[in-house]
Amino acid sequence: MGHYSVGWTVAEQLAAQGHSVRVLTRSGSGPEHPSIERRRVDVQTGDLTHEFDGAAAIYMCTHVAYEDKVWRAELPTMERAVLDAAAGTVVVFPESLYSYGRVDGPIREDAPRNATHRKLGVRTQLLAARDAHSTPTVSVAASDFYGPRVLTAHMGDRVIPNVLAHKTIRVIANADIPHSFTYIPDFAAAMIVAAADTSLWNSFLHAPTAPAPTQREMIELFARAAEVDTPKVGTIPAWTMRALAVIPGPMKELGDTLYQFEFPYELDSTQSEKLLGLTPTPLTDGAAATTAWWKNSELSTTA
């Protein structure tokens, strides 16, 4: 699954709490645990009604390629199929902050979610479709996340293996402005609590997220946790990103969210934390667990 690290973490936490878990993926992969059943299912072609039979909650952690055209072509149909098959069973979605667009100041739950530009607009449309459907939903939004198993992320395979290897790291736009990072176990925990509390259904919540560090501070935390010298940190200037974004491809897709790295990007989860009864993991603890996972992963030598 595109959000495999989210789904994997949700499954592990549910199993640890004593729940029976059914993981549906195209590959049949997933955590190995006596309480976790892994099934090979294609969400776009499979018999979801049968697969969802007996479920108390459904966590929709599947995604597609990070491209505007692909999102528009596939995500609305995919989500509708899941909501139709759920037939009233609550569906919990891991969500981004894209629908807010650029916000001046901290991003709070009461800010308008009406962005229209490219992939940002797709998220707005998906939220509207969830609201309009008869099946109850909860959308739990996170900022860029980090943590064990988080690979293709701004604080994933582009950063931590290089910290461990003492290599220079280049971040987008500005290394010294605040940017929120959500710890993936906190994200999963919020999704699980929201699914179990009917008073939180049909709402949009923010995953508990620690006060925003800068990208440089985040890298320093990883280096300290790994007990290595902090690597040199450079930047890929915003003007370079804009120039490259003219050409279709990965840089054009990243260009949609360049504002997140040019200006302070701070997620305020205070209100949602009260509703969920959860607090964010301190960044020092999250960085320690993340670097420990990478040290024990074969990816640390191949990334």
Quick check on the chain: helices-only [θ] at 222 nm, where DSSP H runs of length 4 and up contribute -39,500 (n - 2.57) each and the sum goes over total residues. Nearest 500, please. -11500 deg cm²/dmol
Give the peptides 141-154, 231-244, 281-294 in descending order of average Cβ contacts within 10 Å, highest first. 141-154, 281-294, 231-244
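Enter the accessible area per residue of the chain (Å², integer; probe 1.4 Å; all protein chains in place).
Details: 13890 Å² over 303 residues.
Roughly 46 Å² per residue, with all protein chains present.
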Given points 7 Å out from each Cα along the Cα-Cβ axis, report the R102 to E51 separation in nanometres with one decimal. 3.9
Each residue of region 270-275 in turn: what ³J(HN,Hα) in whole Hz from Karplus with 6.51, -1.76, 1.60 and θ = phi - 60°, glycine and Pro shown as x? 3, 5, 5, 4, 5, 5
Where Rh is the Kirkwood radius over the Cα pairs of region 1-134, the temperature 37 °C and the viscosity 0.692 mPa s, what D in µm²/s does Stokes-Einstein return? 205
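Heavy atoms only, probe 1.4 Å: what % of the accessible area of region 156-303 goes to carbon and sulfur, would you let me know? Each step should come with its number before you reach the end.
Values: 3680 of 6670 Å².
Ligands and nucleic acids excluded, carbon and sulfur give 55 percent.
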Can you give the net charge of the other residues whose Cβ lies under 11 Å from the Cβ of P231, counting K and R as +1 and D and E as -1? +2
For the pair T240 and T77, how long in nm is the line joining their label points, each one 7 Å along Cα→Cβ? 3.9
Built amide H within the under 5 Å cut-off of V140, gap 5+: F93, E95, L205
Largest to smallest principal axis extent of the C-alpha atoms in region 107-169, angstrom: 51, 25, 21
Convert each backbone phi in region 77-86 into a coupling constant with the Karplus relation 6.51 cos²θ - 1.76 cosθ + 1.60 (shift: θ = phi - 60°), then list the ³J(HN,Hα) values in order as whole Hz, x for Gly and Pro. 5, 4, 5, 4, 4, 5, 5, 5, 6, 5
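Quantify, in whole percent, the carbon and sulfur part of the accessible surface of region 48-153 (1.4 Å probe; protein heavy atoms only).
Values: 2290 of 4500 Å².
Its accessible area is 51 percent carbon and sulfur atoms.
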Give me the Debye-computed log₁₀ of I(q)/I(0) at q = 0.32 Å⁻¹ for region 237-289, equal point scatterers on Cα only, no solvent, two decimals. -1.14
Which of the lysines could a cross-linker bridge to K69, judged by Cα under 28 Å and excluding same-chain residues fewer than eight apart? K119, K252
Share of alpha-carbon pairs per 10 Å distance bin for region 183-256, given as whole %: 15, 23, 28, 27, 7
Once phi for every residue in region 290-296 is put through the Karplus expression 6.51 cos²θ - 1.76 cosθ + 1.60 (θ = phi - 60°), the whole-Hz ³J(HN,Hα) values, with Gly and Pro written as x, are 5, 5, 5, 5, 5, 4, 8
Reported label for calculated Rg/Rh (Cα atoms, Kirkwood Rh) given (1) 1.03; (2) 0.95; (3) 1.05: (2)
Can you give me the long-range amide H partners of I172? Hydrogens built in the peptide plane at 1.01 Å from N, cutoff under 5 Å, separation of 5 or more residues or another chain. I236
Using the Kirkwood radius over C-alpha pairs as Rh, can you work out the diffusion coefficient of region 154-216 via Stokes-Einstein at 20 °C, viscosity 1.002 mPa s, in µm² per second? 152
Two decimals, Cα atoms only, Kirkwood Rh: what is Rg/Rh over region 1-65? 0.93
Could you name the aspartates and glutamates whose alpha carbon sits less than 14 Å from that of K167, not counting residues in the same chain fewer than 8 places away? D157, E220, D229
Would you mind checking which residues have amide H under 5 Å from R38's amide H? H placed 1.01 Å from N; only 5 or more apart, or other chain. V23
Tally Lys and Arg at +1 and Asp and Glu at -1 over the other residues with C-beta under 14 Å from the C-beta of A11: what net charge comes out? +1
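The values are calculated or read from the model by the stated rules, or taken from the named source; none is laboratory data. What you are looking at is a predicted structure, and each value in this text was computed from that prediction instead of being measured. Heads up, the Cβs are rebuilt from the backbone with ideal geometry, glycines too, and the neighbour counts pull from every protein chain shown. These area figures cover heavy atoms from the full protein model, side chains too; ligands, DNA and RNA do not enter into them. Shrake-Rupley method; radii C 1.70, N 1.55, O 1.52, S 1.80 Å.
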